[in-house]
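Visitor: Have a look at this one.
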Amino acid sequence: MSQSVIELVGVSFSFGDAPVLSDINLAIAPREFVGLVGPNAGGKSTLLKLILGLLVPQVGRIRVLGLAPREARRRLGYVPQYPTFARDFPISVEQVVLMGRLGPGLGWYNAADRAAARRSLEEVEGLDLVPRRIGTLSGGQLQRVLLARALVSDPEILILDEPTANIDQRMEGDIFDLLARLKARRTILVVSHDIAFISGYVDRVACLNRTLIAHDTAAIDADLIHRLYPGDVRAVAHVH
């Protein structure tokens with residue numbers, strides 16, 4: 001069995017005649033924190049869907065925890081860029097977190113499930129949100145709840161699709177500080193557009209624009225950014 005918990009070898013994928021990914025090779029080690037960056041339409045969402053088992057590669061091989069992605073799905077936690085429910089839907093924070101228990105419905109969750117929901121909310125420093133309705137939360141609070149939902153089944157790998165896209169810069173730092181702590185027990189793959197910001201947190205940056213190049217964060221410089229991102233790119237300094 002490979003030492004990598006996520007491994008892609010020679011993976012290519014197209015939608016019809018439009019190539020999206022070409023000969024992708026990526027190996028992610030246990031408890032590694034990897035940032036996936038790239039321009040819009042560069043293939044990031046497609047790559048996540050392949051790892052999650054929602055798509056099947058047309059060329060190449062993917063293994064997640066030594067298994068085909070669909071077989072490993074229950075051992076993954078996923079935080080989408082946008083919630084799968086309307087913000088004004090009349091549902092509580094606890095009910096949203098319980099969705100991550102993969103049970104048959106809200107009425108079937110037992111005391112052990114609810115205890116797990118509270119533990120995961122405590123892990124993301126959101127235990128005080130338990131009595132709240134989801135529509136009353138700020139963007140940063142909602143992101144913590146979605147993260148708790150992904151953690152409630154104690155996954156071995158955590159995958160996040162632009163978790164800070166809709167929150168302010170201060171909350172962005174809080175979320176990534178939290179992810180850095182969660183890395184002690186889990187492998188984390190996070191999609192972001194802000195290569196300058198995430199380089200202060202992740203172990204490696206995987207730069208995707210149909211093809212993929214992975215770098216240690218020390219190798220990220222202005223020349224590399226301009227080769228990966230066409231046009232002008234502005235780096236924003238962040239203080240932690």
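Visitor: Apply 1/(1 + (r/R0)^6) to the Cβ-Cβ distance of Arg31 and Asp177, taking R0 = 22 Å, and write down the FRET efficiency to the nearest 0.05.
Guide: Numbers: r = 17 Å, r/R0 = 0.77.
Efficiency, rounded to the nearest 0.05: 0.80.
Visitor: Please list log₁₀ I(q)/I(0) at q = 0.09, 0.13, 0.15 Å⁻¹ for segment 6-228, using the Debye equation with identical point scatterers on the alpha-carbon positions.
Guide: Relative scattering, expressed as log10 I(q)/I(0), comes to -0.37, -0.77, -1.00.
Visitor: May I ask for the percentage of alpha-carbon pairs in segment 87-187 that lie more than 24 Å from each other?
Guide: Numbers: 872 of 5050 pairs.
So the pairs more than 24 Å apart make up 17 percent of the total in segment 87-187.
Visitor: Can you pull the one-decimal nm distance between simple spin-label points at Gln81 and Ser138, each 7 Å off the Cα toward Cβ?
Guide: 2.4 nm
Visitor: Sticking with this one: Obtain the radius of gyration and the Kirkwood radius of segment 142-182 from its C-alpha atoms and give Rg over Rh. Working shown, then result.
Guide: Values: Rg = 10.2 Å, Rh = 10.8 Å.
On the Cα set of segment 142-182, Rg over Rh gives 0.95.
Visitor: A further question on this structure: Using 7 Å Cα-to-Cβ label points, what is the Lys49/Ser92 separation (nm, one decimal)?
Guide: 3.6 nm
Visitor: Okay, next question. Work out, step by step, the length gained on full extension between Gln169 and Asp203: first 0.36 nm times the residue separation, then minus their alpha carbon distance; give nm to one decimal.
Guide: Details: separation 34, 0.36 × 34 = 12.24 nm, distance 2.10 nm.
Taking 0.36 nm per residue and subtracting the Cα distance, the gain is 10.1 nm.
Just so you know, all these numbers are worked out from the coordinates, no wet-lab data involved. Note that this is a predicted model, so its numbers are computed, not measured. Every residue, glycine among them, receives a Cβ derived from its backbone with ideal geometry; neighbour counts consider all protein chains shown.
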